[in-house]
Amino acid sequence: MTTIADSLQAIQANIHAALLHANRQHKVQLLAVSKSQPAEKLREAYQNGQALFGENYVQEATNKQQQLRDLDIEWHFIGPIQSNKTQLIAKHFDWVHSVDRLKIAQRLSDARPSTLAPLNICIQINSSFEATKSGADLAEAAQLAAAINQLPHLKLRGVMSIPAPANDYETQRAQFKIVSDTFSSLQKQGFILDTLSIGMSDDYVAAIHEGATIVRIGSALFGARSAASTQ
Ligand SMILES: *Cc1c(COP(=O)(O)O)cnc(C)c1O
């Protein structure tokens, strides 16, 4: 049976190989996406050196945080954000990757306790070719970035995206290139950004070739989620 320790080691080796192959020098952090996984599995990953965990559902996350409060975990919120959840997110997370509108950014800043460091923020970018997908386009992202920089309890770090699933490597690269181009355009406009949050279990190698600095990996690390538990 493959253990979490084995999977962690294999993923880190793949990340390292992709960086070498892409001839890139930057660091890539592994965010362990632990939605639907019980707290014991997070603890096991932590005991094997994994300190960054990503969660999609606030209630599920705060339950696990309670069970794991003896560990020094960096918690990332990566799911869709309803405005009635911003209070809890602002109090219980270190990062939020999925900010795509100003109202949510304002509410997160208002609710962030001033005893805590500013909440690290990524703007969610639309990277598919369909106009209907959620996430900001370049013009919206620039406006949102400027607004976030004015909010006292937020720290703008970069952009995040969830492209439409694609089986072939070239399509994966093309979709991630849209995101990395948006990231570079924002930097050229003067925004100070250090985080490009792209890549999941099936496409993180392509994402690293396009400059990912955080890859968000769930099933390749913890095994498949059962359909019932992803609700
Ligand atoms: C679930 C999820 C992931 C991880 O997906 P896997 O395919 O299991 O690696 C990454 N990012 C977001 C936003 C997710 O919701």
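The values are calculated or read from the model by the stated rules, or taken from the named source; none is laboratory data. These figures come from a predicted structure and were not determined experimentally. FYI the Cβ positions are ideal-geometry reconstructions off the backbone, even for glycines, and counts take in every protein chain you see. Side chains included, ligands, DNA and RNA excluded: accessible areas come from the protein's heavy atoms. Shrake-Rupley method; radii C 1.70, N 1.55, O 1.52, S 1.80 Å.
Taking segment 149-204, which residues are small (Gly, Ala, Ser) and under 17 Å from the mean Cα position of the chain (by Cα)?
158, 161, 164, 180, 197, 199, 201 - these are the residues of segment 149-204 that are small (Gly, Ala, Ser) and under 17 Å from the mean Cα position of the chain (by Cα).
For segment 75-93: of the residues being within 16 Å of the ligand (Cβ to nearest atom) and open to solvent by 20 Å² or more (accessible area, probe 1.4 Å), which is nearest to residue 110 (Cα to Cα)?
Filtering segment 75-93 for residues within 16 Å of the ligand (Cβ to nearest atom) gives 75-82, 85, 89, 93.
If we keep only those that are open to solvent by 20 Å² or more (accessible area, probe 1.4 Å) as well, we get 75, 80, 82, 85.
Details: 75: 19, 80: 19, 82: 15, 85: 13 Å.
Restricting to residues being within 16 Å of the ligand (Cβ to nearest atom) and open to solvent by 20 Å² or more (accessible area, probe 1.4 Å), the top hit is 85.
Please state which one of 136, 142, 147, 212 is farther than 22 Å from residue 14 by Cα, of a type in the set (Gly, Ala, Ser) and open to solvent by less than 10 Å² (accessible area, probe 1.4 Å). Lay out the reasoning, then the answer.
Details: 142 fails: open to solvent by less than 10 Å² (accessible area, probe 1.4 Å); 147 fails: open to solvent by less than 10 Å² (accessible area, probe 1.4 Å); 212 fails: farther than 22 Å from residue 14 by Cα.
Every option except 136 fails the conditions.
Output the residue which, of all residues in segment 48-73 that are more than 12 Å from the chain's Cα centre (by Cα) and among the charged types (D, E, K, R), is least open to solvent (accessible area, probe 1.4 Å).
Of the residues in segment 48-73, the ones more than 12 Å from the chain's Cα centre (by Cα) are 48-51, 57-73.
Restricting the remaining residues to those that are among the charged types (D, E, K, R) gives 60, 64, 69-70, 72.
On the way: 60: 45, 64: 9, 69: 169, 70: 107, 72: 123 Å².
Looking at residues that are more than 12 Å from the chain's Cα centre (by Cα) and among the charged types (D, E, K, R), I get 64.
Condition check ((1) part of a helix (DSSP H, G or I); (2) surrounded by 24 or more Cβ atoms within 10 Å (Cβ to Cβ); (3) of a type in the set (Ser, Thr, Tyr)) across all residues:
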site: 159; (1), (2), (3): no, yes, no
site: 167; (1), (2), (3): no, no, no
site: 176; (1), (2), (3): yes, yes, no
site: 207; (1), (2), (3): yes, yes, no
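Just the residues that are touching a Leu at 6+ places or on another chain (Cβ under 8 Å) and outside any helix (DSSP H, G or I), please, taken from segment 3-24. Steps first, please.
Taking segment 3-24 as the starting set, the residues that turn out to be touching a Leu at 6+ places or on another chain (Cβ under 8 Å) are 4, 7-8, 11-12, 15.
Once the filter is applied, which keeps residues that are touching a Leu at 6+ places or on another chain (Cβ under 8 Å) and outside any helix (DSSP H, G or I), segment 3-24 yields nothing.
Suppose we filter segment 88-121 for residues that are within 14 Å of the chain's Cα centre (by Cα) and of a type outside the set (A, V, I, L, M); how many remain?
7
Search segment 106-120 for residues that are open to solvent by less than 60 Å² (accessible area, probe 1.4 Å) and pair each with any residue that is among the polar types (S, T, N, Q) when their beta-carbon atoms are under 8 Å apart and the residues are at least 6 apart or on different chains.
108/86; 111/86; 111/87; 119/109; 120/195
Spot the failing condition for residue 61; the list is (1) out of contact with any helix residue (DSSP H, G or I) (no Cβ under 6 Å at 6 or more places or on another chain); (2) away from the ligand (no atom under 16 Å from the Cβ); (3) farther than 16 Å from residue 217 by Cα, and only one is missed.
With (1) out of contact with any helix residue (DSSP H, G or I) (no Cβ under 6 Å at 6 or more places or on another chain); (2) away from the ligand (no atom under 16 Å from the Cβ); (3) farther than 16 Å from residue 217 by Cα applied to residue 61, the lone miss is (2).
Across segment 178-205, what is the number of residues that are away from the ligand (no atom under 15 Å from the Cβ) and either over 17 Å from residue 123 (Cβ atoms) or surrounded by 19 or more Cβ atoms within 10 Å (Cβ to Cβ) (or both)? Spell out the reasoning first.
At the first step, the residues of segment 178-205 found to be away from the ligand (no atom under 15 Å from the Cβ) are 178, 180-194.
Remaining after also requiring either over 17 Å from residue 123 (Cβ atoms) or surrounded by 19 or more Cβ atoms within 10 Å (Cβ to Cβ) (or both): 178, 180, 182-183, 186, 191.
Within segment 178-205, residues that are away from the ligand (no atom under 15 Å from the Cβ) and either over 17 Å from residue 123 (Cβ atoms) or surrounded by 19 or more Cβ atoms within 10 Å (Cβ to Cβ) (or both) number 6.
For segment 178-203, which residues satisfy the criterion of being in a strand (DSSP E or B) and in contact with a Leu (Cβ under 8 Å, 6 or more places away or on another chain)?
Going residue by residue through segment 178-203, those that are in a strand (DSSP E or B) are 195-197.
Result: 197, single match.
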